[in-house]
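The values are calculated or read from the model by the stated rules, or taken from the named source; none is laboratory data. Being a predicted model, the structure only gives us computed values, none of them experimental. Using ideal geometry, Cβ is built from the backbone for each residue, glycine included, and neighbour counts are taken over all protein chains shown. Areas reflect the complete protein model, heavy atoms only, side chains present, ligands, DNA and RNA absent. Shrake-Rupley method; radii C 1.70, N 1.55, O 1.52, S 1.80 Å.
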Amino acid sequence: MQKMTTIEKAKKYAMPNYGQRDFVVSAGKGSYVFDENGKKYLDFGAGIAVTSVGHANARWVKAVAEQASTIAHCSNLYLTKPNVDLCEELVKRIGVGKILLCNSGTEANEALIKAARLHGLNVTGQEGKKTRIITAVNCFHGRTLGAVAATAQYKIQHGFAPLLSGFSYADFNDLKSFEKQMGDDVAAVLVEPIQGESGVTPATKDFLKGLRKLCDKYNAMLLFDEVQCGVARSGKFLACQKYGVKPDGVSMAKGLAGGFPIGAIWLGKKYQDLFTPGTHGTTFGGNPLACAASLATLKEIDVKKLADNATKLGEKLSKALKTIVKKYPQKLVLERGVGLMRAVVFTEAYVNGEVCKKLRENGLLLIPSGANGLRFLPALNVTSAEVDKALKIFEKTIERL
C-alpha cells in the first residue's frame, strides 16, 4: 500500500477551515524555513508576526529545553517563578498595573471584554447598565464568539448569529464617528493602533489622542489590541507608545513568546484589580514553559536591540516598497505600515492568494492582508541583506505577473 503524503493526510484527517493547503514546512532557522524536499524559503510572514526572534533562536531553544526538563506545567492554583517574572517584565515595559496571562490573542481580547463589563458594573452598581463596547470597522479581534462580535467584519461574523450583544462599530481613524457612538452606557473603546488583518492601516496620533479624551469624558476604558502590532514590531514595545497615548488595558500575544502559544493583558493601576478570585481563569495560561519562552524572547529583543532594528529596517523596507509601487502602478496601489509591519495593496486585477503562491515559488513567503493586500512581517532580527533579498524576489515576481 502506497504511503500517504502529508498533504493527502491533511485532506483526509484535518478540518478544511484553513482552506486548501499545499505547502509543508519541515524546519526553520533564523529568517528561513525549509519544505519537505529541503528547499529554502525566506520567511517574511514569521507565522503571522509570531516568530519574533527567528526560527530556532539559540537563546529561545535553550530556555525552552531547560524549562521542559524541570517543569512544563502545574496549575494556576500555585505560583511559578517564570510566571511571576514575566508579569514583572511586562509591567516594566508598559507601566504601573498588573498582568493576566492566557494562551492566545483571542483569549486576551476576551479578557479585555470581561474587564470592560466588570468596570461598567463597578461604575453603576447594576448588571447590564454600562456594558457597550465600541470597536472599529475592519478590525480583527479574534475567533471566539465574543471576539467575533467585537470584530466589525461581515465575513468573520457570518454564520455565527446570534452574536454576543453589546457592541457598536465606528469608522477607524474617524473621531467624529466614534463620538456619535459614545454614551453613558459605553464601558470601553477597543481598537488596534495598527489594523493588521484588514491591510496594515496605522491609526493617526490625533485619532488615538481623541479616543483617550472621549473615554475620560464618559468614564469608559480605552483598550488597545496589540496582539499583532505589539512586542517591538512597531519599533517600540507597544505601538501605542509611538503615539504617546496611554491606554487603560492592552492585549498581547503573537510575538510575545517567539513561537510558543501565549497571550496576556495588562490593566493599568485604576483597573488592575477588576478580576477577583472566580471571575476569570485559564488552565494553561501562564504555564512555566510558555513563560520561559517569553522571557527568552524579551531578553533577545533587549540584548540585540531588536526594537531599533525594527525601526531601521522597517524604514528601509518601506522606502524600497514605495519605489516598487511607483514603478508598477498598474499592479500596485500603495505601501503602508509602521516598523516591520508593512503591507502593499494590489489593484483589483490581482488576487493576493495567487500572488503569494508565485512569490513562494520564487522563495519568499508573505501573508495576505485584506482584500488585495500582502503583509511583510519578518522576524525582528531580520538582516539588511535578507531585506534586500526579499525585495529582489518581490520585484522580480511583480514584474512577471
Just to be sure I understand: with springs between alpha-carbon atoms less than 10 Å apart, which residue in Leu306, Leu214, Leu377 has the highest mean-square fluctuation in the Gaussian network model of the chain?
Leu214
Relative contact order for the chain: what is it in percent, counting Cα pairs under 8 Å that are at least 6 residues apart?
22 percent
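Between Glu354 and Glu88, what is the FRET efficiency for a Förster distance of 51 Å, r being their Cβ-Cβ separation, to the nearest 0.05?
Values: r = 47 Å, r/R0 = 0.92.
Working from the Cβ atoms, E equals 0.65.
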Mind listing P(r) for the chain? All alpha-carbon pairs, 20 Å bins, whole percents.
27, 58, 15, 0
Name the helices (complete DSSP H segments) of the chain with a Cα length along the long axis of 27 Å or more and a Kyte-Doolittle mean of at least 0.0, or state none.
none
For the chain, give the percent of accessible area contributed by carbon and sulfur heavy atoms, probe 1.4 Å, rounded to a whole number.
54 percent
Pop a pseudo-label 7 angstrom from the Cα along the beta-carbon direction at both Thr204 and Lys3 and give the gap in nm to one decimal.
5.9 nm
Could I have the simple spin-label model distance between Arg400 and Glu315, label points 7 Å from Cα toward Cβ, reported in nm to one decimal?
3.4 nm
Ranked from the most accessible area to the least, with a 1.4 Å probe and all protein chains present, what is the order of Arg59, Arg21?
Arg21, Arg59
Taking the chain and counting helices only, DSSP H stretches of n ≥ 4 at -39,500 (n - 2.57) each over all residues, the nearest-500 ellipticity at 222 nm comes to -12000 deg cm²/dmol
How large is the accessible surface of His73 in square angstrom, using a 1.4 angstrom probe and rounding to the nearest 10?
70 Å²
Could you work out how far the C-alpha centroid of the stretch 197-218 sits from that of the stretch 154-178, in angstrom?
16 Å
Compute the Kirkwood hydrodynamic radius of the stretch 187-258, taking the inverse of the mean of 1/r over all pairs of distinct Cα atoms, and give it in Å to one decimal.
12.2 Å
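Ordering Glu348, Glu192 by accessible area with a probe of 1.4 Å, largest first, what comes out? Kindly include the intermediate steps, with their values, before the conclusion.
Values: Glu348 170, Glu192 15 Å².
Greatest to least solvent exposure: Glu348, Glu192.
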Would you check the accessible area of Tyr169, probe 1.4 Å, heavy atoms only, in square angstrom rounded to 10?
80 Å²
Rounded to the nearest Å, what's the spacing between the alpha carbon centres of the stretch 328-401 and the stretch 281-299? Just the number, please.
32 Å
Counting only protein heavy atoms and rolling a 1.4 Å probe, one gets per residue an accessible area for the chain in Å² of 47 Å²
Per-selection Kirkwood Rh - the stretch 208-364 (Cα, Å, 1 d.p.):
18.4 Å
